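The values are calculated or read from the model by the stated rules, or taken from the named source; none is laboratory data. Since this is a predicted model, take the numbers as computed values, not measurements. Glycine also receives a Cβ, built like all others from the backbone with ideal geometry; neighbour counts cover every protein chain displayed. Heads up: the accessible areas ignore ligands, DNA and RNA and are worked out on the full protein's heavy atoms, side chains in. Shrake-Rupley method; radii C 1.70, N 1.55, O 1.52, S 1.80 Å.
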Amino acid sequence: MPRKKTASIVEHFAILVDPRIDRTKRHSLHDIIVIAICGMICGADDWVAIQEFGEAREDWFRTFLDLPSGIPSHDTFGRVFAALDPEAFSRCFAAWMRDVAELTDGEVVAIDGKTIRRSFDRASSRNAIHIVSAWAAENGVAIGQVKTDAKSNEITAIPRLLEMLHVKGCIVTIDAMGCQKEIASKILEKEADYLLGLKGNQPQLEIEVAAYFDAAIKNKFVGVPHGFHETTERGHGRVERRRVWCTTDVGALASAEAWPGLASIIRVEAERTIGGKKSVECRHFISSMKKADARKAGSAVREHWGIENKHHWILDIAFREDDSRSRVDNSAQNLATLRHIALNLLKSDTYKLGVKNKRLKAGWDIGYLLKLLGIAK
């Protein structure tokens, strides 16, 4: 994902509407957002820590911010981000990513959800919030996010997320929860291809696809256009063989016509041997990709899980996202957006450190922080 020259990140959030009434505006919204972004990059995971970071770096912040009433208190940060429109904040985030990152043809954009476990509120019977994110696999950065109140509502959240994104020419991958005709149509509308998992959510189609591959493999695909790719990996006492079959013979499926743009079906068989014990798992997928390219399909399936291993996991380990107890109004969702902004900036830098240590370095070294923000000289 090539980086493009663009305006400073903070300029992308200048269009946000301040939710406060005029008499309560002791601090400018611009100053609050800049301090929050910088604090999150530098290891501050909540409003108290962001206030402490701001006060520790107040002299530096005064070189480019007005700060008419000094550094805002943690209560001020909390109130402002609780009131700030989270959809508008997310749209600014997505617009910033469109401006700085150029998606390439065929790039995998994985969409998946993550629950912030401690954001539930028992007193008000409010569920933990669930964030659905889009993740560009090539460079490992999030390019958009929306909130839903439960995992089951991903179906309605995904189209809203797609509306924010520019994914023309990409392969959008979603697990079984998102295998819906309306979502497939939305992806095609965005001029991208879809690759959607099948697992109980579309039982009739899954049965048809599994039966098709069982019969085709038994008959060695005689007379059937198809692709096949196999890989074997060894390490840490584990051997994994992955076999991928892909065919464009979708006319053989009774359910095919109901699915917009359906052009190929895929089977991925993973055979694992650990300590002499063997297990086999088969998964099936539908796609709008028009070629029976098993290598490409298998790669897209594997890259999809990068959103779990290289994005969600880092948010938990380096940002302690699951420990976040912020839950008032829009606060939790806006904090999640701040974490995405910080993680993208940290991962886009090539300095050979892990994300957690990059956060520490940014807090210690103003020059490095300026470099991450894209305003270093």
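Out of the residues in segment 109-165 that are of a type in the set (Ser, Thr, Tyr) and part of a helix (DSSP H, G or I), which is modelled with the highest pLDDT? The selected residue is THR156. Restricting attention to segment 210-242, the residues that are aliphatic (A, V, I, L, M) and within 29 Å of the chain's Cα centre (by Cα) add up to 0. Here is the figure for segment 181-205: residues that are at pLDDT 95 or above and either open to solvent by 40 Å² or more (accessible area, probe 1.4 Å) or not aliphatic (A, V, I, L, M) (or both) total 11. Taking every residue in segment 193-222 that is on the phi > 0 side of the Ramachandran plot and pairing it with any residue that is open to solvent by less than 60 Å² (accessible area, probe 1.4 Å), at least 6 positions away or on another chain, the pairs with Cβ-Cβ distances below 8 Å are GLY200/ALA176; GLY200/GLU206; PHE221/TRP245; PHE221/THR247.
Comparison of ASP18, ASP66 shows that the only residue that is of a type in the set (Asp, Glu) and under 16 Å from ASN334 (Cβ atoms) is ASP18.
Among residues of segment 262-278 being surrounded by 15 or more Cβ atoms within 10 Å (Cβ to Cβ) and basic (Lys, Arg), the one that is nearest to VAL250 (Cα to Cα) is ARG267. The residues of segment 174-200 that are in a strand (DSSP E or B) and over 18 Å from the mean Cα position of the chain (by Cα) amount to a single one, LEU198. Among the numbered conditions (1) closer than 30 Å to ALA142 by Cβ; (2) without any contact (Cβ under 8 Å) to a residue 40 or more places away in the chain; (3) open to solvent by 70 Å² or more (accessible area, probe 1.4 Å); (4) not aromatic (Phe, Trp, Tyr), the only one that GLU240 does not meet is (3).
Matching residues to (1) surrounded by fewer than 20 Cβ atoms within 10 Å (Cβ to Cβ); (2) more than 28 Å from ARG23 (Cα to Cα); (3) in contact with a His (Cβ under 7 Å, 6 or more places away or on another chain):
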{"site": "VAL48", "(1), (2), (3)": "yes, no, yes"}
{"site": "HIS74", "(1), (2), (3)": "yes, no, no"}
{"site": "ALA83", "(1), (2), (3)": "yes, no, no"}
{"site": "ARG91", "(1), (2), (3)": "yes, no, no"}
{"site": "ASP112", "(1), (2), (3)": "no, yes, no"}
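Results for (1) in contact with a Lys or Arg (Cβ under 9 Å, 6 or more places away or on another chain); (2) of a type in the set (A, V, I, L, M); (3) not in a strand (DSSP E or B), shown as yes or no for each residue.
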residue	(1), (2), (3)
GLY227	yes, no, no
CYS246	yes, no, no
GLU257	no, no, yes
GLU271	yes, no, no
VAL301	yes, yes, yes
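Which one is nearest to PHE13 (Cα to Cα), of the residues in segment 96-107 that are among the aliphatic types (A, V, I, L, M) and either touching a Phe, Trp or Tyr at 6+ places or on another chain (Cβ under 9 Å) or at pLDDT below 80 (or both)? Here the answer is VAL100.
Residue by residue, here is whether (1) within 25 Å of GLY200 (Cβ to Cβ); (2) aliphatic (A, V, I, L, M) holds:
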| residue | (1), (2) |
| --- | --- |
| GLU240 | yes, no |
| LEU253 | yes, yes |
| GLU257 | yes, no |
| PRO260 | yes, no |
| ALA263 | yes, yes |
| GLU269 | yes, no |
| THR273 | no, no |
| LYS278 | yes, no |
| GLU281 | yes, no |
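When we screen GLU281, GLU321, GLU308 for residues that are surrounded by 20 or more Cβ atoms within 10 Å (Cβ to Cβ) and charged (D, E, K, R), the only hit is GLU321. Residues in segment 345-354 that are in contact (Cβ under 8 Å) with a residue 60 or more places away in the chain and within 16 Å of GLY43 (Cβ to Cβ): LEU345, LEU346, LYS347. For the residues ASP22, ASP31, the requirement of being more than 18 Å from ARG339 (Cβ to Cβ), of a type outside the set (Val, Ile, Thr) and open to solvent by less than 20 Å² (accessible area, probe 1.4 Å) singles out ASP31.
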